[in-house]
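To start, the structure under review is shown below, and the notes come after it.
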Amino acid sequence: RELTSFCDYIKMVDQIGDTVNFKPYFKSKQDIEEMHNAAMVIYDLKRNAIKVEAFNKHSAKWKKWVYDKNPEFVVIAPQFPNELAKEGMTLHHCVKSYIDRVAEGRTNIMFIRKKSAVDEPFFTVEVSNENTIEQVHGFGNRNAHTEAGLPEFVSEWAKACKLKPGGYNKVR
């Protein structure tokens, strides 16, 4: 266990890039665990900062898909990676697992909200880099057609934002 922790520590320090403050000096097994845990905190903060920066880089692209011309629904873009985690936890689906793909620019996530409750997760949309609506899912992966008026709204939004409606209403 200590060898694994030590190897993880060395990898994290390399990724952090701070060999001045993180020197592998250990007197006991407990020291290895404490230094590993300290490096893990810094490593996680750096990794999260990189994801936030990547989100910021891609967010300019998502602005073209923000939509508020409908009386009932709006489409908004996430600003931070943790919003995908919150969305997935609230709606009981897997969008949290898309954080890395979104940060790397491999796909895009948008949120459909009721205009009367813009801060409450309602439906999540995946839009491909080819401007195709790949998925639209609500609570428990519920499809758009289960919500009155939502398929019509998605069509309206797609037309207004020049998106291609893919097979998003299929069960996945």
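The values are calculated or read from the model by the stated rules, or taken from the named source; none is laboratory data. Every value quoted in this text rests on a predicted model; they were computed, and no experiment measured them. Ideal geometry is used to build each Cβ from the backbone, glycine not excepted, and the neighbour counts take in all protein chains shown. Just so you know, the surface numbers come from the protein's heavy atoms only, side chains and all, with ligands and any DNA or RNA stripped out. Shrake-Rupley method; radii C 1.70, N 1.55, O 1.52, S 1.80 Å.
Here's how it looks for residue 135: its modeled amide H is under 5 Å from those of 126, which are all 5 or more places away or on a different chain. On a per residue basis, the chain carries 59 Å² of accessible surface, using protein heavy atoms and a 1.4 Å probe. For region 30-132, the set of GluC sites (Glu not before Pro) satisfying both a DSSP loop assignment and a count of at most 10 other C-beta atoms within 10 Å is given as 130. Stokes-Einstein diffusion for the chain, with the hydrodynamic radius set to the Kirkwood value over Cα pairs and evaluated at 4 °C in a medium of 1.567 mPa s, equals 72 µm²/s. The figure for residue 45 is an accessible area of roughly 110 square angstrom, using a 1.4 Å probe on the protein chains alone. For region 41-110, the share of accessible area belonging to carbon and sulfur comes to 57 percent (1.4 Å probe, ligands and nucleic acids excluded). From helices alone, the chain scores -14500 deg cm²/dmol at 222 nm; the rule is -39500 (n - 2.57) for each run of n ≥ 4 DSSP H residues, then divide by the residue total.
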